[in-house]
């Protein structure tokens with residue numbers, strides 16, 4: 001096998017990460033159906049800093065923004081950005097390389113912007129954003145809409161179109177209950193491109209010690225009710241955070257990406273791309289246990305190069 005320094009030089013200067021991203025992205029894109037109903041394919045946006053690239057005394061290293069399919073377990077595209085705060089400005093460039101027809105693009109509050117929402121709609125896709133104080137007016141409108149009405153004696157509460165769904169999950173010594181309330185009342189009121197539904201998500205977690213944690217979050221989407229019932233929206237919101245467990249956690253813990261000492265040139269970006277590719281290939285073969293797959297290929301290296309593995 002080549003020496004470590006040889007790999008370092010090859011990854012740092014002999015490989016174009018942007019070109020490699022396009023080739024790998026097209027390969028995985030061919031695995032999904034061409035004709036999709038609105039929201040049938042879910043694409044998650046999220047960024048990750050490679051901790052091993054942070055210089056001593058600094059707080060910023062190589063930061064990569066990925067477009068991830070949580071159901072398929074593959075990254076369709078990835079781009080390097082200067083800081084985590086610049087993810088929203090880099091998102092249009094990233095999404096421009098992907099066919100968004102029939103695709104729901106989801107992201108946390110940092111991606112909730114009107115220009116990005118408009119760009120996705122123009123590409124025949126849909127969006128689902130979480131909303132926080134960075135979109136002050138929308139956040140206040142959502143709080144006002146979902147807060148209990150103040151009703152005087154003798155008067156009835158104003159009519160609403162609220163619809164809801166709930167789910168309960170147990171695992172890792174804790175019990176989590178999620179309740180979502182959905183409305184279309186702001187679709188013609190709020191000045192947001194293509195807005196169809198808004199929602200309030202309430203989470204309650206009870207750990208093994210009986211301690212209770214409660215959290216309230218708000219979100220918006222362009223998906224109409226015919227394609228996204230409250231139950232479906234609840235699934236999509238939870239599915240979005242699959243990028244943390246299905247991609248970032250595996251790269252950090254299993255593939256030990258943050259412990260890598262590769263810092264020269266494009267090497268950190270290319271290594272992250274290769275890690276994404278390994279995870280995607282395993283997911284394509286139905287391998288959900290990445291450490292087990294690693295052990296298998298370590299003992300039987302020929303399998304990694306065989307036609308069956310490809």
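The values are calculated or read from the model by the stated rules, or taken from the named source; none is laboratory data. Everything numeric here is computed off the predicted structure, so don't read it as measured data. Positions of Cβ are generated from backbone atoms using ideal geometry, with glycine treated the same way; all protein chains shown enter the neighbour counts.
Touching a helix residue (DSSP H, G or I) at 6+ places or on another chain (Cβ under 8 Å), crowded, with 19+ Cβ neighbours inside 10 Å and free of Cβ contacts under 8 Å to residues at least 60 places away in the same chain - does that describe any residue in the range 138-160?
We begin by selecting, within the range 138-160, every residue touching a helix residue (DSSP H, G or I) at 6+ places or on another chain (Cβ under 8 Å); these are none.
No - not one qualifying residue is present in the range 138-160.
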Members of the range 180-195 found to be in contact (Cβ under 8 Å) with a residue 24 or more places away in the chain and surrounded by 15 or more Cβ atoms within 10 Å (Cβ to Cβ), listed by number = 180, 181, 182, 183, 184, 185, 186, 190, 192, 193, 194, 195
query = Which residue, of 224, 193, is out of contact with any helix residue (DSSP H, G or I) (no Cβ under 6 Å at 6 or more places or on another chain), modelled with pLDDT of 90 or more and closer than 15 Å to residue 129 by Cα?
reply = 224
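Taking residue 281 as the residue in question, decide whether it is in a helix (DSSP H, G or I) and either without any contact (Cβ under 8 Å) to a residue 24 or more places away in the chain or surrounded by fewer than 20 Cβ atoms within 10 Å (Cβ to Cβ) (or both).
Yes; evaluated as a whole, the condition is true for this residue.
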ask   = Name the residues in the range 19-54 that are in contact (Cβ under 8 Å) with a residue 24 or more places away in the chain and assigned to a helix (DSSP H, G or I), would you?
value = 20, 21, 22, 24, 25, 28, 29, 51, 52, 53
ask   = Out of all the residues in the range 86-95, is one or more in a helix (DSSP H, G or I), in contact with a helix residue (DSSP H, G or I) (Cβ under 8 Å, 6 or more places away or on another chain) and either at positive phi or surrounded by fewer than 18 Cβ atoms within 10 Å (Cβ to Cβ) (or both)?
value = yes
remark   = Flagged in the range 202-223 as without any contact (Cβ under 8 Å) to a residue 40 or more places away in the chain and closer than 30 Å to residue 186 by Cβ, in numbering order, are 202, 203, 204, 205, 213, 214, 215, 216
query = Do you know which of the residues in the range 194-215 that are assigned to a loop (DSSP other than H, G, I, E, B) and in contact with a strand residue (DSSP E or B) (Cβ under 9 Å, 6 or more places away or on another chain) is nearest to residue 124 (Cα to Cα)?
reply = 194
remark   = Of (1) without any contact (Cβ under 8 Å) to a residue 40 or more places away in the chain; (2) assigned to a helix (DSSP H, G or I), residue 121 fails just (1)
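Could you check, for the range 151-173, whether at least one of its residues is part of a helix (DSSP H, G or I) and more than 23 Å from the chain's Cα centre (by Cα)? So that I can check it myself, show each step before the final result.
Going residue by residue through the range 151-173, those that are part of a helix (DSSP H, G or I) are none.
Taking every residue of the range 151-173 in turn, none turns out to be part of a helix (DSSP H, G or I) and more than 23 Å from the chain's Cα centre (by Cα).
For residue 77, are the conditions met, namely being in contact with a helix residue (DSSP H, G or I) (Cβ under 8 Å, 6 or more places away or on another chain), buried (at least 21 other Cβ atoms within 10 Å of the Cβ) and within 26 Å of residue 27 (Cβ to Cβ)? Before the answer, list the steps.
Details: in contact with a helix residue (DSSP H, G or I) (Cβ under 8 Å, 6 or more places away or on another chain): yes; buried (at least 21 other Cβ atoms within 10 Å of the Cβ): yes; within 26 Å of residue 27 (Cβ to Cβ): yes.
In short, yes.
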key: Filtered residues of the range 241-261 (kept if outside any helix (DSSP H, G or I), touching a helix residue (DSSP H, G or I) at 6+ places or on another chain (Cβ under 6 Å) and farther than 16 Å from residue 61 by Cα)   = 255
